[in-house]
Amino acid sequence: VKMLGPGPAPVPADVAVADLRTGATAAGWEGVLVRVKKVAAESAVDPQYGSFDVTGGLEIDDDLFPATPNIGDCLDVTGISVYFFFYRLNPRDASDLVAGTGCPEVKKLNIADVQNPASVNHPATGTRVVVTGVITAVDGNATGTPPEYEGFFIQDEKTGGAYSGIYVYY
């Protein structure tokens, strides 16, 4: 982004992710330089579209700058709010992605803890968790070329047994 006129560059407005996700409030932020703080990368960078999601379901797009955070990275993200089928945030360069502090901690649990409500480690609704497992099947509702799947099944290979499998939507 190159400034063509005199004067200082605009200072980003600090906004909540929810303000950029809901049409009623997001429309007012379209085309504006904004910053969201204390958001965590919740998905890997999509290899086809170059985007990733952060806490609250906001998509960070790579139209202006490609970013490659790791899942769980805590970030403060500055960028231009845009609409293309839905609202998203476009960082302009590397300085728009800053390591943040104060993001909610991500709990690492086994699948049985997530699935079994009687588990002493069962997370409360809305808790961010990370699970690992072996993919046992990919959903059969593939459409498009290449196929676009809705999710997959994973199973905890270490514990096995009841509650050790889960379906992951993406």
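Work out the charge dipole of the chain with +1 on the Cβ of Lys and Arg and -1 on the Cβ of Asp and Glu about the Cα centre, then indicate which of Ile135, Pro91, Gln155 is farthest towards its positive end.
Pro91
Excluding ligands and nucleic acids, what accessible area in Å² is computed for Glu150 using a 1.4 Å probe, to the nearest 10?
Taking all protein chains as shown, Glu150 has close to 90 Å².
Got a number for carbon plus sulfur as a percent of region 1-124's accessible area, 1.4 Å probe? Could you put the intermediate results ahead of the total?
On the way: 4030 of 7210 Å².
The computed percentage sits at 56.
For region 30-50 and region 98-135, what is the separation of their Cα centres, given in Å?
Computed from Cα coordinates, the inter-centre distance equals 21 Å.
Taking the Cα centre of the chain as the origin, how large is its charge dipole in debye, to the nearest 20, when only Lys and Arg (+1) and Asp and Glu (-1) carry charge on their Cβ atoms?
Details: 11 positive and 21 negative charges, 83 e Å.
Taking the Cα centre of the chain as origin, the dipole is about 400 debye.
What aspartates and glutamates does Lys38 reach when the alpha-carbon gap must be under 20 Å and sequence neighbours fewer than 8 apart in one chain are set aside?
Excluding near neighbours in sequence, the set is Asp14, Asp19, Asp53, Glu59, Asp61, Asp62, Asp73, Asp76, Asp93, Asp96, Glu105.
So if R0 is 30 Å, what FRET efficiency would Asp139 and Lys38 give, r being the distance between their Cβ atoms, rounded to the nearest 0.05? Spell out each step's value before the answer.
Working: r = 33 Å, r/R0 = 1.10.
After rounding, the FRET efficiency stands at 0.35.
Quote the charge dipole size of region 1-71 about the Cα centre in Debye, to the nearest 20; the model charges only the Cβ of Lys and Arg (+1) and of Asp and Glu (-1). Let's see the in-between values first.
Values: 5 positive and 10 negative charges, 67 e Å.
Here the size comes out at about 320 debye.
What distance in nm separates the simple spin-label points at Asn70 and Ala124, each placed 7 Å from Cα in the Cβ direction?
Label-label distance for Asn70 and Ala124, simple model: 2.8 nm.
For Lys158, which aspartates and glutamates qualify as cross-link partners when the Cα separation must be under 18 Å and same-chain residues fewer than eight apart are set aside?
Asp113
Once you've got the GNM for the chain with C-alpha springs shorter than 10 Å, pick whichever of Asp139, Asp14, Asp62 has the biggest mean-square fluctuation.
Asp139
Looking at region 39-108, what % of the alpha carbon pairs are farther apart than 16 Å? Walk me through the numbers on the way to the answer.
Values: 991 of 2415 pairs.
So the portion of pairs separated by more than 16 Å is 41 percent.
The values are calculated or read from the model by the stated rules, or taken from the named source; none is laboratory data. Because the structure is a prediction, the values reported are computed rather than measured. Note: ideal-geometry Cβ built from the backbone for every residue, glycine included; neighbour counts use all protein chains shown. The protein model used for the area step is the full one, side chains on, heavy atoms only, and it has no ligands, DNA or RNA in it. Shrake-Rupley method; radii C 1.70, N 1.55, O 1.52, S 1.80 Å.
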